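The values are calculated or read from the model by the stated rules, or taken from the named source; none is laboratory data. These figures come from a predicted structure and were not determined experimentally. Every residue, glycine among them, receives a Cβ derived from its backbone with ideal geometry; neighbour counts consider all protein chains shown. To get the accessible areas, we keep the full protein, side chains included, count just its heavy atoms, and leave off ligands, DNA and RNA. Shrake-Rupley method; radii C 1.70, N 1.55, O 1.52, S 1.80 Å.
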Amino acid sequence: MDAHEALGRRTFVVGAGTALLGGGAVSGAEAAVVDGPLPDFHPALKNALTFPLAWGKSPIRDFRAWRRAARATVEEHLLVERQDGTPYAPEFTGRAQEPDFTRELVTVSLTRYERVRGALLTPHGDGPFPAVLLLHDHGARFDIGKEKLVRPWYDDTRLASARAWADTYFSGRFVGDELARRGYVVLCLDALGWGDRGPLAYEQQQALASNLYHLGSSLAGLMAREDQRAAAFLAGLDRVDARRVAAVGFSMGAYRAWQTAALDDHVAAAASVCWMTGLKDMMVPGNNTLRGQSAYYMLHPGLARHLDIPDVASIAAPKPMLFLNGGLDRLFPAAGVRVAHDKLRAVWRSRRAEDRLRLSTWPELGHVFTEPMQDEVFGWLDSVL
């Protein structure tokens, strides 16, 4: 094919996309992808997304009624039913003492399908204590999950990996240990594919997600349901003050934190570090989401026909919520963060609860959760729980 022929095909394909944008039809148009894996007609698909169920656009004017309707819509798109009737049947092992808190391993049934092992940290003293459901990130590192946030006292093999991860993203700290020292009960469990539930190879993620879809289920929906159940389990512990349970996470864990706050009333507050954007601003050439793979952990098929990403998070209003991002975060560029923050601010303002929403940007930082950022989250938690 010479340059003239290549240009001609390119012009034809772009013309097809332009026709679609204009509402026309192109007979016999060749299929094409551009800018990597985006279809040529992706602008038309994005333009068709109007998020009609968003607060302020929805015809539902009573906020509580809107919240119920929006939550029901999200839950329908999870594809995984609620697991409320499944007994947790907790088993506690691996007890170890620290100067300020006690470590335990706890194994529970989050669904009726399998048992999941997690780390449970409890401060010394008389409870009940405030509590944090701590949600680990993705990071394309699967040999450790809960160990990214809680020092693995039970496994020397994972300790080296966990320390390296903490050094890279958390200023050498184990965030869960820090929270326990500050008086919080901490629960951190593995998501499917990590730690005890893996390790998954990076290139296997898409197949795992596809297989779950074939089986009438969903990888992202399963994670959402498990996080809901974990929050309810934590709130139900005798050592925990059920009125003071927060969800906290970094990166994919941040997504999990605000999603759990939106879907579960056991969560009174949430701090989300480095995961918030507008959907249209995320679906652009070069964004990590376009690679597939890890994106499946955060994909509920069809939900975007109803709600944008910050619209889902807004179901949590007027709970206290902290959204913290790095100004140099290449995964979540500033334009998308601004779109999301504007939407979030409008919802909390409509509830006369803008003081319960903190939107914080560290302009000099990227995709990290450094010690100063952690201290901001810890201080905020102390003020809202």
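Here are some notes:
- Most tightly packed first, judged by the mean number of other beta-carbon atoms within 10 Å of their residues, the peptides 98-105, 55-62 read 98-105, 55-62.
- Rounded to the nearest 5, the antiparallel percentage of DSSP beta bridges internal to the chain is 45%.
- Acute angle (nearest 10 degrees) that the helix 3-21 long axis makes with the longest principal axis of the chain, alpha-carbon atoms: 70 degrees
- Under the convention that each Lys and Arg Cβ holds +1 and each Asp and Glu Cβ holds -1, the size of the dipole of segment 238-385 around its Cα centre is about 460 debye.
- Shape of the chain, Cα gyration tensor, a/c cut at 1.5: prolate
- Ligands, DNA and RNA aside, His42 has an accessible area near 30 Å² when probed at 1.4 Å.
- Set of aspartates and glutamates with alpha-carbon distance to Lys280 below 14 Å, sequence-local pairs under 8 removed: Asp308, Asp311
- Relative contact order %, the chain, counting alpha carbon pairs below 8 Å whose residues are six or more apart: 16 percent
- Integer Hz, Karplus 6.51/-1.76/1.60 couplings in order for segment 74-83, x for Gly and Pro: 4, 5, 4, 7, 5, 6, 10, 6, 5, 10
- Estimated at the nearest 10 Å², the accessible area of Glu376 is 40 Å² with a 1.4 Å probe.
- Derived scalar couplings between HN and Hα for segment 245-256 equal 10, 10, 10, 9, x, 10, 6, 4, x, 5, 4, 4 Hz in order, rounded to whole Hz, by the Karplus curve 6.51 cos²θ - 1.76 cosθ + 1.60 (θ = phi - 60°), x for Gly and Pro.
- Here segment 251-385 has 52 percent of its accessible surface on carbon and sulfur atoms, given a 1.4 Å probe and all protein chains in place.
- Under a 5 Å amide H cut-off, with hydrogens placed 1.01 Å from N, Gly94 pairs with Leu105 among residues at least 5 apart or on other chains.
- Projecting the Cα atoms of Leu53, Leu78, Gly94 onto the charge dipole of segment 46-110 (Cβ charges, centred on the Cα centre) puts Leu53 farthest toward the positive pole.
- Too-long pairs where the Cα-Cα distance tops 26 Å, listed order kept, from Lys46/Lys343; Lys46/Lys146; Lys319/Lys343: Lys46/Lys146
- Ordering Ile315, Val108, Leu385 by the projection of their Cα atoms onto the charge dipole of the chain, which places +1 on the Cβ of Lys and Arg and -1 on the Cβ of Asp and Glu, puts Ile315 at the extreme positive end.
- Highest mobility in the GNM of the chain, judged by mean-square fluctuation with C-alpha springs under 10 Å and restricted to Gly302, Gly327, Gly221, is found for Gly302.
- Dipole moment magnitude, nearest 20 debye, the chain about Cα centre, only Lys, Arg, Asp, Glu C-beta charged: 1020 debye
- Under-5 Å amide H pairs with Val132, H placed in peptide plane, nonlocal only: Val185, Val186, Leu187, Ala246
- Cβ charges +1 (Lys, Arg) and -1 (Asp, Glu), total dipole of segment 316-358, debye: 180 debye
- Folded to 0 to 90 degrees: helix 334-350 orientation relative to the chain principal axis, Cα: 70 degrees
- For segment 254-385, the relative contact order is 31 percent, taking Cα pairs closer than 8 Å that sit 6 or more residues apart in sequence and dividing their mean separation by the residue count.
- Residue among Gly249, Cys274, Ala262 farthest towards the positive dipole end of segment 232-291, charges placed on Cβ: Cys274
- Modelled this way, with points 7 Å down the Cα-to-C-beta line, the labels at Trp153 and Gln204 are 3.1 nm from one another.
- Å² per residue, accessible surface of the chain at 1.4 Å: 43 Å²
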